[in-house]
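Asks: There's a structure below that I have some questions on.
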Amino acid sequence: MLHNEKGFTYPLTLCMLIIFSIVLVIHIDQYVIEKRMFMETETILKQDYYLLSSVRKVETILATNVEIVNSGSFEFYDGHADYQLKKITDTIWEINIQLMTGKKITITGIAYYDSDRQKVIQWVERS
């Protein structure tokens, strides 16, 4: 019986090592994909927050009816936003916002502000 078991442990060990390596590679790949998704989601949420924050700040400037400046800039932790105001009608203002994040990604947003209602009535975002 002992003479028939020659060479049995090496193929078994090799198969186990190959199976373990494949499972390890699958888990590493899944981890890398999840990490990339997390970083991408974080970047998108940060950009959305910065754009919304910029619109709210400009909305506050227009609502207070203090001296209205046609352009300006807001600084954030990981980027900055530049805005331009353009009067379309007597009550409607167009707000153009260009957001530049730390990763050199530029996003443009256009908002329309109604001075009678004192709020933003429409919002469009472009990449």
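Nothing in this text is a laboratory measurement; each read-out follows from the coordinates by a stated rule. What you are looking at is a predicted structure, and each value in this text was computed from that prediction instead of being measured. Counting neighbours? That spans all protein chains shown, and the Cβs are built from the backbone with ideal geometry, glycine included.
Asks: Give me the aspartates and glutamates in straight-line cross-link reach of Lys103: C-alpha distance below 13 Å, same-chain residues under 8 apart excluded.
Replies: Glu40, Glu42, Asp78
Asks: Output wanted: per-residue J couplings in Hz (rounded whole) for the stretch 92-107, from phi through Karplus 6.51 cos²θ - 1.76 cosθ + 1.60, θ = phi - 60°, x for Gly and Pro.
Replies: Taking θ as phi minus 60°, the curve returns 10, 10, 9, 10, 9, 10, 10, 9, 10, 8, x, 8, 6, 9, 10, 10 Hz for the stretch 92-107.
Asks: On a 0 to 90 degree scale, rounded to 10, what angle separates helix 9-64 from the longest Cα axis of the chain?
Replies: 10
Asks: At 222 nm, what helix-only mean residue ellipticity would the chain give, in deg cm²/dmol to the nearest 500, using -39500 (n - 2.57) for each DSSP H run of four or more?
Replies: -16500 deg cm²/dmol
Asks: If you don't mind, another one. Could you give the dipole magnitude of the stretch 61-115 about its Cα centre, charging the beta-carbon of Lys and Arg +1 and that of Asp and Glu -1, in debye to the nearest 20? Don't jump to the answer; show the numbers that get you there.
Replies: On the way: 4 positive and 7 negative charges, 46 e Å.
Value, rounded to 20: 220 debye.
Asks: With equal scatterers on the alpha carbons only and no solvent term, can you work out the Debye log10 of I(q)/I(0) for the chain at 0.09, 0.15 1/Å?
Replies: So the normalised log intensities work out to -0.45, -0.76.
Asks: Under the rule that an exposed site lies in a DSSP loop and has at most 16 other Cβ atoms within 10 Å, name the longest stretch of the chain with no chymotrypsin sites (Phe, Trp or Tyr not before Pro) of that kind, not counting the sites themselves. Provide the component values of the computation, followed by the final result.
Replies: On the way: sites that count: Phe8, Tyr77.
Answer from the scan: 9-76.
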